[in-house]
Amino acid sequence: MSSIDKKVALIFGITGQDGSYLSEYLLSLHNYKIIGIMRRSSSFNTGKIDHIRNKIELVYGDISDTACVFELISKYQPDEIYNLAAQSHVAISFQLEKYTMDVDALGPLNILQAIRLLGLKDKCKVYQASTSELYGNTLNTHHLTSLDEHSPMNPVSPYAIAKLYAYHMVRHYRDAFGIFAVNGILQNHESSRRGDNFVTKKIVLWAKYKWFSTFQNKDIKNNTTLRGDREPLHIGKLDSSRDWSHAKDMVKGMWLILQSSTPEDYVLGSGVRTTVRTFIEKVIKAFGFTVEWKGSGLDEKGYIQNEVAIIVDSRYYRPNELSDLVGNPEKAKTKLGWKPEYTIDTLIEEMIENS
Ligand code: NAP
Ligand code: F7E
């Protein structure tokens, strides 16, 4: 296929976890020209996409800069925009309230306005990275078994409140102006490319580099000992539960959502809930060890071979906690044929192997 026939995909947030996997996925389809928007940073931020740099075009930009977003969309006239750019850390959003709003709420508005005012409504589709955080503690307060496209949204963090604004603007632009704008309401998704301060990656990095020492990566279970210089893991709420998928499965879903004949919002997730505690136990088990819990609340500790290995630490508590999330991806499965390949156990395997 010549470059003239290729679709142009503009990816905001290409240097992040999802941006890197989405780029790989679109490249595998062979009919996309990918333009990635990266932020200026004082240290290099392209580590997750360096391996495909010669297959994509990278340009500097910032989603919070209105003129910049207009200029980029005007210049590249994209067929598809994937907005993955965000201040994506929930706990940090409590300290960066306005910044999170500028990037996560008003950033997407810049994209939507550009499409409308540049007259691209019939050419350009836009995917917005919405989140299960929109629901807040709805599962518990409404006694639901899982969250779908119709579940009530009650955000409990500045991050989720900003994302809820974007969610509604996407819906509004679709209804009011006929723009193909859609929300992928994604449950948590992880990988070895996950940011180091999200809980799954933090646990895996701790186990692999701070507590265990493995002689041979291939057979971790039978070749692991405790490190001489081991340090315990400091962790927050152990009994929070999340619906964890692999990011590779999710980016395929993002693409499918944009290929649908009608613009609609979709929930993506595994439908399986796992607590932080269980995630820790699974990771430790993958190294061939077990953990024993003693105490409760802030006094609870996890022991490996009678030694304190996990310490509950209030520094990782949030002013408002979202304690339970699990998605119902039935609509995506039925209408889009989306089917995740990873399970929680194969996700953990991938994270341990490649982190
Ligand atoms: P991530 O790894 O934190 O990536 C975020 C990306 O946004 C990075 O490329 C980052 O650039 C970029 N970015 C941040 N501020 C920007 C700005 N002002 N202008 C332009 N780019 C900016 O997040 P992710 O896990 O890939 O998630 C992708 C999207 O899905 C995010 O919008 C997130 O909120 C949403 N989401 C994620 C999950 C999940 O579990 N992963 C679930 C639901 C929704 P740098 O590399 O320079 O920091
Ligand atoms: O926390 C608990 C924490 O920071 C998961 C983002 O991608 O998914 C992500 O947000 C749970 C929470 O992810 C620690 O309190 C315990 O209950 O990995 P996390 P998140 O807040 O769910 C949603 C869907 C997004 O949209 C976001 O962009 O784990 N937890 N101890 C901890 N969390 C962290 N980070 N660190 C701890 O030590």
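The values are calculated or read from the model by the stated rules, or taken from the named source; none is laboratory data. In this text the structure is predicted, and so the values were computed from the model without any measurement. Every residue, glycine among them, receives a Cβ derived from its backbone with ideal geometry; neighbour counts consider all protein chains shown.
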Q: Spot the failing condition for residue 191; the list is (1) over 20 Å from residue 241 (Cβ atoms); (2) within 16 Å of ligand 1 (Cβ to nearest atom), and only one is missed.
A: (1)
Q. Which condition breaks for residue 262 when tested against (1) more than 15 Å from ligand 2 (Cβ to nearest atom); (2) closer than 30 Å to residue 121 by Cβ; (3) outside any loop (DSSP other than H, G, I, E, B)?
A. (3)
Q: May I ask you to list pairs of residues, at least six apart or on different chains, whose Cβ atoms are under 6 Å apart, with the first in region 315-336 being within 15 Å of residue 130 (Cβ to Cβ) and the second being of a type in the set (Lys, Arg) and within 14 Å of ligand 1 (Cβ to nearest atom)?
A: 325/242
Q.
Between a residue in region 81-98 that is within 30 Å of residue 259 (Cα to Cα) and any residue that is aromatic (Phe, Trp, Tyr) and within 13 Å of ligand 2 (Cβ to nearest atom), which pairs come within a Cβ distance under 6 Å, given they are 6 or more apart or on different chains?
A. 90/159
Q) If you scan region 1-57, which residues turn out to be surrounded by 11 or more Cβ atoms within 10 Å (Cβ to Cβ), among the basic types (Lys, Arg) and touching a residue at least 12 places away in the same chain (Cβ under 8 Å)? A) 6, 7, 33, 39, 48, 55
Q | Subset of region 299-355 [away from ligand 2 (no atom under 11 Å from the Cβ), over 24 Å from residue 208 (Cβ atoms) and in contact with a strand residue (DSSP E or B) (Cβ under 9 Å, 6 or more places away or on another chain)] | A | 299, 326, 328, 329, 330, 331, 332, 335, 336, 338, 340
Q) When you go through 113, 77 one by one, which is the residue that is more than 15 Å from ligand 2 (Cβ to nearest atom), of a type outside the set (Ser, Thr, Tyr) and on the phi > 0 side of the Ramachandran plot? A) 77
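This table checks each residue for (1) closer than 26 Å to residue 336 by Cα; (2) over 17 Å from the mean Cα position of the chain (by Cα); (3) within 16 Å of ligand 1 (Cβ to nearest atom).
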| position | (1), (2), (3) |
| --- | --- |
| 244 | yes, no, yes |
| 250 | yes, no, yes |
| 258 | yes, yes, yes |
| 289 | no, yes, no |
| 306 | no, yes, no |
| 312 | no, yes, no |
| 316 | no, yes, no |
| 319 | no, yes, no |
Q. Inside region 224-236, can you point out the residues that are crowded, with 18+ Cβ neighbours inside 10 Å and under 21 Å from the mean Cα position of the chain (by Cα)?
A. 235
Q: Within region 116-151, track down each residue that is at positive phi and within 19 Å of the chain's Cα centre (by Cα).
A: 136
Q. Has region 286-302 got at least one residue that is part of a helix (DSSP H, G or I), surrounded by 16 or more Cβ atoms within 10 Å (Cβ to Cβ) and modelled with pLDDT of 95 or more?
A. yes
Q | Failed criterion for residue 140 (all others in (1) in a helix (DSSP H, G or I); (2) free of Cβ contacts under 8 Å to residues at least 40 places away in the same chain; (3) under 27 Å from residue 344 (Cα atoms) hold) | A | (2)
Q) Condition test on residue 107, is it within 9 Å of ligand 1 (Cβ to nearest atom) and either out of contact with any strand residue (DSSP E or B) (no Cβ under 7 Å at 6 or more places or on another chain) or part of a helix (DSSP H, G or I) (or both)? A) yes
(Q) For region 85-100: of the residues being over 14 Å from residue 62 (Cβ atoms) and crowded, with 20+ Cβ neighbours inside 10 Å, which is farthest from ligand 2 (Cβ to nearest atom)? (A) 100
Q) When residue 84 is evaluated against the numbered criteria (1) modelled with pLDDT under 95; (2) closer than 21 Å to residue 163 by Cα, which criterion, by number, is the only one it fails? A) (1)
Q: Give the residues of region 324-339 that are loosely packed, with under 15 Cβ neighbours inside 10 Å and among the polar types (S, T, N, Q), sorted by residue number.
A: 334
